[in-house]
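See structure below.
The values are calculated or read from the model by the stated rules, or taken from the named source; none is laboratory data. Everything numeric here is computed off the predicted structure, so don't read it as measured data. Methodologically, a virtual Cβ is constructed for each residue, glycine included, from the backbone with ideal geometry; neighbour enumeration extends over all protein chains shown. When the accessible area is computed, the model is the full protein with side chains, heavy atoms only, and any ligands, DNA or RNA have been set aside. Shrake-Rupley method; radii C 1.70, N 1.55, O 1.52, S 1.80 Å.
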Amino acid sequence: MVQAEAVDLSAVQENVVAAIEAERDDLIALSRFIHAHPEIAMQETASSAACAAFLERRGFAVERNVAGLPTAFRASVAGSGERPTIAYLAEYDALPGLGHGCGHNLIAIAGIGAGIGLRAALNSVPGTVTVFGTPAEEAIGGKAIMSDAGIFDGIDAAMGAHPGTVEAVCPTVEGSGQALACQAVRIEFVGRPAHAAADPYNGINGLNALIETFNGINALRQHICSDARIHGIITHGGEAPNVVPSFAAGDFLIRAQTMAYMNELVEKVRRVAEGAAAMTGSEVRYLLPERATFDMITNHTLARRIKTHLDALGLAMPEAVPEEGSGSTDWGNVSYVVPSVETGFPILDRVCTWHSPEVVEAADSAMGYENTITVAKALALAGLDLLTDAALLRRVKGEFAETRAARGG
Ligand SMILES: [Zn+2]
């Protein structure tokens, strides 16, 4: 086995950067193809196939249909020693009716480019590089399903990048890079129909139970942490005003800063619904139709290393500040299994609304591609650091274990 200490690190770094530079045009062409053929969650057949084939042609061993997801893949190259294993995550799903309004075509080549770059180091240093194709970020959360299936077990660190506006940051400080844990809940009440005027006393009103559930949740709000969120809609409220609604249903999302607290709230809302059922005499069905999205445990030690390389490569970004999570991402599920960083990077020189036509345009712009290639290089160089600097990898893993334990994971 090659001793990492014996190699000339700066020469290896040069090889890594040169490998990505050599693929610049092809990476951009791949991204353009994905952008020009937007495919929504779980329908990313052409995008996923193009990404997997791109890596396969460059010597990666590709496994498709990972975790039972037809558009997920795993592409690996092992060096002289199998560990550590560094993973890069590539997304490629688009938004319904909009196209690549979240720039996932750039996320794809950031991960693939980084994987190709780090692969160039494997002649000199031991380790494995794996690129995962992770579908359906905008819908069911491919990473959550892959994570549950154990696909990320044994990975030492996972990295990726998400485009943003001029305000995008690399989450280097504690409290930055957060995302909320999120659980979808469906609540159904089954009552008994009756004529709403002639014999309402024979009816059991499912809609009343659902309304009391909303009231109960409103009362609960006073007693939950201010950063938690519970929001819902009525999807079924009855058939006709002269019939006592025998069936009512609502969809809710319950979000919190940690998965542990989110789970507590899911149980509290369950008791509210059970109380509403008891009040009205209806029967309640409390359903969790999708797996939960976990909060994001960003590894700041690793993020700082990525930022060092971004700075050296000349991609300037504002400094990260502690900021409460507001959205949710399936990266969170990965971050409970593997030390993880999803860095932001700018593809616009201004602020704009996300998931918009402006972003569709920026995701296929010279600035977008230029910065994505730079980010791929920084992610590859940070991966190289993890392969060659055992103390850094220990610190990354130490922070991971500590933070996960503190969040009750
Ligand atoms: Zn996105």
- Message: Rounded to the nearest percent, how much of the accessible area of the chain (1.4 Å probe, protein heavy atoms only) is carbon and sulfur?
- Response: 52 percent
- Task: Compute the distance in nm between two label points, each set 7 Å from the Cα along the Cα-to-Cβ direction, one at residue 278 and one at residue 196.
- Result: 2.9 nm
- Amide H to amide H, which residues 5 or more places from residue 42 or on other chains are under 5 Å from it, using H placed in the peptide plane? 136
- Message: Place a point 7 Å from the Cα of residue 242 along the Cα-to-Cβ direction; which residues of the stretch 172-203 have their backbone N under 20 Å from it?
- Response: 192-203
- Item | Qualifying chymotrypsin sites (Phe, Trp or Tyr not before Pro) in the stretch 97-206, DSSP loop, other Cβ atoms within 10 Å at most 15 | none
- Note on the structure: Quick calc, residue 351 & residue 304: beta-carbon distance into FRET formula, R0 30 Å, rounding 0.05, result 0.75
- Query: Evaluated at 37 °C with a viscosity of 0.692 mPa s, what Stokes-Einstein diffusion coefficient in µm²/s does the chain have when Rh comes from the Kirkwood expression over alpha-carbon pairs?
  - Reply: 146 µm²/s
- Note on the structure: residue 235 and residue 11 label points (each 7 Å along its Cα→Cβ direction) are spaced in nm at 6.1 nm
- Accessible surface, per residue, of the stretch 181-287 when the full set of protein chains is kept, probe 1.4 Å, Å²: 49 Å²
- Query: How many angstrom separate the Cα center of the stretch 216-246 from the Cα center of the stretch 262-282?
  - Reply: 11 Å
- If one computes the Cα centroid of the stretch 113-141 and of the stretch 322-384, what distance in Å separates the two points? 16 Å
- Given 187, 114, 388, which one lies farthest toward the positive end of the charge dipole of the chain, if we put +1 on the Cβ of every Lys and Arg and -1 on the Cβ of every Asp and Glu? 187
- Note on the structure: Counting only DSSP loop positions in the stretch 120-178, the GluC sites (Glu not before Pro) whose Cβ has at most 15 other Cβ atoms within 10 Å are 167, 174
- Message: Just to make sure I understand: if all protein chains stay in place, what is the order of 331, 354 by accessible area at 1.4 Å, largest first?
- Response: 354, 331
- Query: Can you tell which of 281, 111, 344 shows the greatest fluctuation in a Gaussian network model of the chain with Cα springs below 10 Å?
  - Reply: 281
- Query: Is any residue of the stretch 281-317 close enough, with backbone N under 20 Å, to a label point placed 7 angstrom from the Cα of residue 395 along the Cα-Cβ axis, and if so, which?
  - Reply: 297-313
- Amide H neighbours of residue 258 under 5 Å, at least 5 residues apart or on other chains, H built in the peptide plane: list them. 181
- FRET efficiency for residue 167 and residue 313, using Cβ-Cβ distance with R0 set to 22 Å, rounded to 0.05: 0.65
- Message: Can you compute the helix-only [θ] at 222 nm over the chain? Use -39500 (n - 2.57) per DSSP H run of at least 4 residues, normalise by all residues, nearest 500 deg cm²/dmol.
- Response: -13000 deg cm²/dmol
- Item | Point-to-point label distance, residue 22-residue 65, nm (Cα→Cβ direction, 7 Å offset) | 3.4 nm
- Query: Efficiency by 1/(1 + (r/R0)^6): what FRET value for residue 271 and residue 324, r their Cβ-Cβ distance, R0 = 22 Å, to the nearest 0.05?
  - Reply: 0.25
- Straight-line reach check, residue 397, cutoff 26 Å on alpha carbons, 8 or more apart in-chain or any other chain, hits among lysines -> 143, 307, 377
- Task: Report, for the chain, the % of DSSP beta bridges that are antiparallel, rounded to 5.
- Result: 65 percent
- Query: Can you give the convex hull volume of the alpha carbon atoms of the stretch 181-287 per residue, in Å³?
  - Reply: 80 Å³
